[in-house]
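Asks: This is the structure, below, for whatever I ask next.
Only the coordinates and a few stated rules stand behind these numbers; no lab work does. These numbers were taken from a predicted model, which means no experiment stands behind them. Positions of Cβ are generated from backbone atoms using ideal geometry, with glycine treated the same way; all protein chains shown enter the neighbour counts.
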Amino acid sequence: MARKLPRVGQLVRVTWVDSRGYENGWVQRDDMDGDVIELMSVGWVWHVAKDRMTLAPHMDVEQTQACGTLSIPWCAVREVLVMRME
C-alpha cells in the first residue's frame, strides 16, 4: 500500500526509528543487543521528497524561515499523524 504523504505546512507528529550508539570504549558482544531506538518528532512539514521528509519545529509567522530542521528518511518512518489545530 502506498504511503499518503503529508503536505508542506501541515503540523505532524512522526514516529520513526534511528540507530543507537553504545558507550565509548570497548564493549563486549554479549552486552550489545543491537536494538534501535523509536522516536517521536513534532513539527511543521518543511519539505517532502521521494526519499525523505523535513520537519521544522520553529518557523517565522510568514513560514519563510525555519530553525532546527530535521530530515527523516521515509525508510525510518513508522507513522505520520497530522495534528489538528483548533
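Asks: Would you mind giving the average projected area, over all directions, of the Cα convex hull of the chain in nm² with one decimal?
Replies: For the Cα atoms of the chain, the hull's average projected area reads 8.1 nm².
Asks: Return, ordered by residue number, the residues of the stretch 67-86 whose backbone nitrogen is under 12 Å from a label point located 7 Å along Cα→Cβ of Val8.
Replies: none
Asks: Taking R0 as 30 Å, what's the FRET efficiency between Met85 and Ile37 from their Cβ-Cβ distance, rounded to 0.05?
Replies: After rounding to 0.05, the efficiency reads 0.60.
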